[in-house]
Amino acid sequence: MEEKIFDCIVLGGGPAGINAALYALRGNAKTCIIDTSTLGGQPVNYLEIENYLGFPSINGYELSEKFEEHLDKFNCEKFPNEEIQFIDLTGEIKIIKTLKNVFKGRTVILATGASASKLGIKGEKEYIGHGVSYCAVCDGGFYKEKNVLVIGGGNAAVEEGCYLTKFAKKVYIMHRRNELRADKIVQQRAFENEKVEFIFDSIPLEITGENNHVSKVSYKNLKTAKTDTISVEGVFPYIGFTPNAKHFSGQIMQDEKGFILVDSCMRTSELGVFAAGDVRKTPLRQVITAVSDGAVAGVYAVKYLEELKTVSKKEILSA
Ligand code: NAP
């Protein structure tokens, strides 16, 4: 196992991580970026991004490629497809062990993002890959002329629901309230789409199938308490995200859902540890806000490294 030493270790290669690495490198810090998969993060799966400044409409994969190309102009050591074994953020030297390497550094920027939350209902886990999907862009094409159900009322549910109408005969969008959380412009598009039918005030109860594939979903109307069933061949839960923090949970302060608490400089409760993007507690999770977080984290990681050279740990703590 190889030991690798850096000034700044960025964990997570999505927009937040890539920009954090970029800023750290521009600050002359020897920086690496580690990801459990390839670089790119969540936007890789977004068909179209319409709210990244400077790009009125861009495919998520294309934007991610541009981010990585930009990073490649700097001397960043990239470690994709690393399997994390152990993380210790508590010492002055932070340690990240993967199956292949041991990374050591004085600063770590946590930009591990978040993953699709699960409904936790019967049949969900059993039918993943057999009708249950968390990625309309990846799997939408399998549902030509079929009925599908999207669950959730946020931007993701409503946008992906509309996207699925390109293939599906009918797209039901089930939301637990009668008011959507999605942006008004996104809502309007869905209301105007003849293939979309909303099921409000309702939650799914169970996903059942035939021949090893989803065929029905039972659900409950929370206002009337009545239960019913719809026939669908695809179920796409879009009910928000859970932070990817399992390897370091408990070592830094997090909220009740596990999102990392940071100050305005993206500093976590642990000295030398910063967090950026969807993994942190934030009111808005967009590509542009992740990128912005990354910039702040990168700059303050560099500042911290500089301070380490001149002042004592005690002084940094009281700053
Ligand atoms: P979100 O905005 O948090 O919405 C999650 C939705 O799921 C809410 O409507 C919520 O209902 C519902 N929900 C949560 N838990 C549930 C449960 N257990 N059962 C049933 N329903 C449940 O999440 P999101 O849509 O994934 O978006 C996350 C972030 O990404 C947001 O900041 C969003 O703006 C951003 N995003 C942006 C774009 C874009 O700009 N192009 C695209 C996708 C996502 P309630 O409303 O009742 O809480």
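Tabulated results
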quantity	calculated
Span per principal axis, largest first, for the Cα atoms of region 90-203 (Å)	58, 31, 26
As computed over region 121-160, the Cα convex hull volume per residue (Å³)	82
The chain, accessible surface, carbon-and-sulfur percent (1.4 angstrom probe)	49
Rough spin-label spacing in nm, given labels placed 7 Å along Cα→Cβ, for R181 and K246	2.3
Relative contact order of the chain, pairs being alpha-carbon contacts under 8 Å that are 6 or more residues apart, as %	21
Whichever lysines have a C-alpha closer than 23 Å to that of K216, once near sequence neighbours (fewer than 8 apart) are set aside	K118, K122, K125, K144, K146, K166, K169, K170, K195, K226
For L284, solvent-accessible area (1.4 Å; no DNA, RNA or ligand), Å²	90
With DNA, RNA and ligands ignored, accessible area of H213 (1.4 Å probe; Å², nearest 10)	60
Stretch gain in nm, segment F191-H213, where the contour uses 0.36 nm per residue and the Cα spacing is subtracted	5.0 nm
List F86, F74, ordered by accessible area with a 1.4 Å probe, largest first	F86, F74
Accessible surface, the chain, averaged per residue in Å² (probe 1.4 Å)	50
Size of electric dipole in region 233-302: Cβ of Lys, Arg +1 and of Asp, Glu -1, about Cα centre, debye, nearest 20	80
Cα-based Rg and Dmax for region 195-318, where Dmax is the largest Cα-Cα distance (Å)	22.3, 67
For region 164-276, size of Cβ-based charge dipole, Lys and Arg +1, Asp and Glu -1, in debye	240
Accessible area (Å², 1.4 Å probe, nearest 10) - L47	70
Theoretical gain in end-to-end length, D88 to K223 [0.36 nm per residue, Cα-Cα removed]	43.8 nm
FRET efficiency for E3 and L261, using Cβ-Cβ distance with R0 set to 35 Å, rounded to 0.05	0.70
Cα-based Rg / Dmax (Å) for region 198-254	16.7, 46
Length gained when the stretch I203-E50 is fully extended (0.36 nm per residue, less Cα-Cα span)	52.1 nm
Values of log10 I(q)/I(0), in the order q = 0.14 Å⁻¹, for the chain under a Debye, Cα-only, solvent-free model	-1.04
Normalised contact order of region 136-179, rounded percent, pairs of Cα under 8 Å and 6 or more residues apart	48
Of M266, M174, M253, the one that fluctuates the most in a GNM where the chain has Cα springs shorter than 10 Å	M253
Hydrodynamic radius by Kirkwood, which averages 1/r over all alpha carbon pairs of region 140-220, in angstrom	12.9
Helix-only mean residue ellipticity at 222 nm for the chain, each DSSP H run of n ≥ 4 adding -39500 (n - 2.57), per residue, nearest 500	-7000 deg cm²/dmol
Leading residue at positive end of dipole, region 200-319 (Cβ point charges), from N212, A290, I239	A290
Most to least accessible of R181, R285 (protein chains only, probe 1.4 Å)	R181, R285
The chain: angle of helix 15-26 to the longest principal axis, Cα-based, in degrees nearest 10	20
Average projected area [Cα convex hull, region 1-118], square nanometres	8.2
Cα Rg over Rh - region 1-56, Kirkwood	1.08
Stokes-Einstein D for region 228-279, Kirkwood Rh over Cα pairs, 37 °C, 0.692 mPa s (µm²/s)	247
Relative contact order %, region 170-300, counting alpha carbon pairs below 8 Å whose residues are six or more apart	14
For E206, net neighbour charge (Lys/Arg +1, Asp/Glu -1) across residues whose Cβ lies under 13 Å away	+1
Around N101: net Lys/Arg minus Asp/Glu count, Cβ-Cβ under 12 Å	-1
Sequence of L99, L39 when ordered by accessible area, the most exposed leading, probe 1.4 angstrom	L99, L39
For region 162-203, convex hull of alpha carbons as volume per residue, Å³	66
Charge dipole of region 167-319 about the Cα centre (unit charges at C-beta), most positive-ward option of V279, M253, M266	M253
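The values are calculated or read from the model by the stated rules, or taken from the named source; none is laboratory data. Everything numeric in this text was worked out from a predicted model, so none of it was measured. In this analysis, Cβ positions are derived from the backbone assuming ideal geometry, glycine residues included, and neighbour counts consider all displayed protein chains. Accessible surface areas use protein heavy atoms only, side chains included; no ligands, DNA or RNA. Shrake-Rupley method; radii C 1.70, N 1.55, O 1.52, S 1.80 Å.
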